[in-house]
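Participant: Dropping the structure in here first, questions after.
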Amino acid sequence: MPELLSTNDLAPKFSIKCDGNRNIDTNTINNPYIIYFYPKDDTPGCTIEAIDFSSNIDFFNTNNITIIGISKDTIEKHEKFKSKHNLKVLLGSDISGAVCEKFGVWVEKSMYGKKYMGIERSTFLINSDNTIYKDWRKVKVKGHVEEVIKFSKEMLNIS
């Protein structure tokens with residue numbers, strides 16, 4: 001397992017297929033971006049998180065911050081999820097788990113005493129120079145996007 005990434009580390013570079021027949025390559029992103037990893041499309045916490053980011057898309061767009069939600073779901077599932085909830089964020093499909101592993105979010109989890117591998121809900125706020133400005137692990141959805149906005153404003157020196 002890779003060493004956990006944190007503040008001031010360089011973010012791993014990656015390319016990923018996203019909804020809308022788009023490919024995102026972080027080698028070509030020259031502005032700040034947010035990557036949020038979530039376990040599964042259309043589950044309660046994941047839906048709330050995606051809706052919260054989408055509800056604040058004007059703030060992120062105005063400040064030229066790209067948002068990419070990543071799970072192991074297929075593009076087809078992402079398209080349905082996006083359409084069903086009118087989501088405004090990019091959704092990347094990491095079926096192989098390669099991007100999750102690069103960011104150290106593919107972890108052993110436990111539910112009802114049973115251990116299994118899964119995505120740890122995590123968010124990374126990444127500066128235009130590709131350094132991690134802030135990372136959140138084991139994210140609790142309620143109030144999370146507001147905190148991401150607060151740190152985005154701090155990073156960009158805006159009030």
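No lab work stands behind these numbers, since they all come straight from the coordinates. Source: prediction; values computed, not measured. Glycine also receives a Cβ, built like all others from the backbone with ideal geometry; neighbour counts cover every protein chain displayed.
Participant: Report, by chain and number, residues whose modeled amide H sits under 5 Å from the one on Leu90, excluding near sequence neighbours (fewer than 5 apart, same chain).
Facilitator: Those qualifying (amide H under 5 Å, at least 5 residues apart or on another chain) are Ile67, Gly69.
Participant: Of Val148, Val139, Val107, how do they rank once you tally other Cβ atoms within 10 Å and put the fewest first?
Facilitator: Values: Val148 25, Val139 19, Val107 16.
Ordered from fewest to most neighbouring Cβ atoms within 10 Å, Val148, Val139, Val107 come out as Val107, Val139, Val148.
Participant: For Ser122, Ser128, Ser54, Ser159, which order do you get if you count the other beta carbons within 10 Å of each Cβ and list the fewest first? Write out the running numbers ahead of the final one.
Facilitator: On the way: Ser122 22, Ser128 15, Ser54 18, Ser159 5.
Ascending number of Cβ neighbours within 10 Å: Ser159, Ser128, Ser54, Ser122.
Participant: Post the alpha-carbon centroid distance, the range 124-159 to the range 82-118, in whole angstrom.
Facilitator: 19 Å
Participant: Taking the Cβ of each residue in Val89, Val141 as the centre, tally the other Cβ atoms inside 10 Å and list the residues starting with the fewest.
Facilitator: Ordered by Cβ neighbours within 10 Å, fewest first: Val141, Val89.
Participant: Report the extension gain between Leu156 and Lys142 in nm, rounded to one decimal, defined as 0.36 nm multiplied by the number of residues separating them, less their alpha carbon distance. Mind dumping the intermediate values first?
Facilitator: On the way: separation 14, 0.36 × 14 = 5.04 nm, distance 2.36 nm.
So the extension gain works out to 2.7 nm.
Participant: If I histogram all Cα-Cα distances within the chain using bins 5 Å wide from 0, what percent of pairs lands in each bin?
Facilitator: All Cα pairs, binned at 5 Å, distribute as 2, 9, 19, 23, 23, 15, 6, 2, 0, 0 percent.
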